[in-house]
1. Does Leu64 qualify as being over 20 Å from Ile162 (Cα atoms) and either more than 11 Å from the chain's Cα centre (by Cα) or assigned to a helix (DSSP H, G or I) (or both)?
2. With the requirement that a residue be outside any helix (DSSP H, G or I), closer than 23 Å to Ile162 by Cα and aromatic (Phe, Trp, Tyr), what does the range 21-61 give you?
3. What are the residues in the range 97-132 that are out of contact with any strand residue (DSSP E or B) (no Cβ under 9 Å at 6 or more places or on another chain) and either surrounded by 16 or more Cβ atoms within 10 Å (Cβ to Cβ) or of a type in the set (A, V, I, L, M) (or both), if any?
4. For the range 100-125, what are the residues that are assigned to a loop (DSSP other than H, G, I, E, B) and farther than 16 Å from Asp31 by Cβ?
5. Tally time: how many residues in the range 21-68 are touching a residue at least 24 places away in the same chain (Cβ under 8 Å), farther than 23 Å from Lys117 by Cβ and of a type in the set (A, V, I, L, M, F, W, C)?
Amino acid sequence: MILLIAFLIILHFAKEYERVNYKLNIFANFDELTGLYNRRMFNYVMEEVIQSKNEPLYLALLDLDNLKKVNDTYGHYVGDIVLKELSCLLQTTFALDKHIVSRWDGDEFAIIYFGEKDVLIETLEAIKNVFKTFVCAYEETTGISTSIVSFGDYNRVSQILIAADQQLYLEKIKKDQSV
């Protein structure tokens, strides 16, 4: 009888240990607001994929334009709704069993895309259009700036990130000048 009780107690603690480890994994690897990978997990995946360049592979960075205006006008609660809408759009557009989608930082998102660049460009344009329709209800100047760089052009993660960030910066400057 004592052995049975001891077994049940150990079984209970083992299940609880499993549950806690599962929750810790979620907290460690996923963004709480959007449900997407967080930057830590994204960085880990970047290091893994840079080693294997067997197929066309791209990094796309997305940055929300003028989200601060939404936050200032409607509050951060609505800003969070906007971020969730974009993340939902990304999750439903990209096959998450093939591509890696992450909330990179605040209002920035990153995608590791396995496939052809022209398809990625088309997909991002469609996302921009759908998102623009949604966000115009809050702020007409809010949109998405993007950059796309090929993993094949670089040997280190830092080089890829610098190139993508510079391209994104140039797009944002170009948008600001055209307004």
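1. In short, no.
2. Across the range 21-61, the qualifying residues are Tyr37, Tyr58.
3. Those that are out of contact with any strand residue (DSSP E or B) (no Cβ under 9 Å at 6 or more places or on another chain) and either surrounded by 16 or more Cβ atoms within 10 Å (Cβ to Cβ) or of a type in the set (A, V, I, L, M) (or both): Ala126, Val130.
4. Within the range 100-125, Gly115, Glu116 qualify.
5. 3
A short reminder: the numbers here are calculations on the coordinates, not readings from a lab. Predicted model, so just to flag it, every value in this text is computed and none were measured. Please note: Cβ atoms are built from the backbone with ideal geometry, for glycine as well, and neighbour counts cover all protein chains shown.
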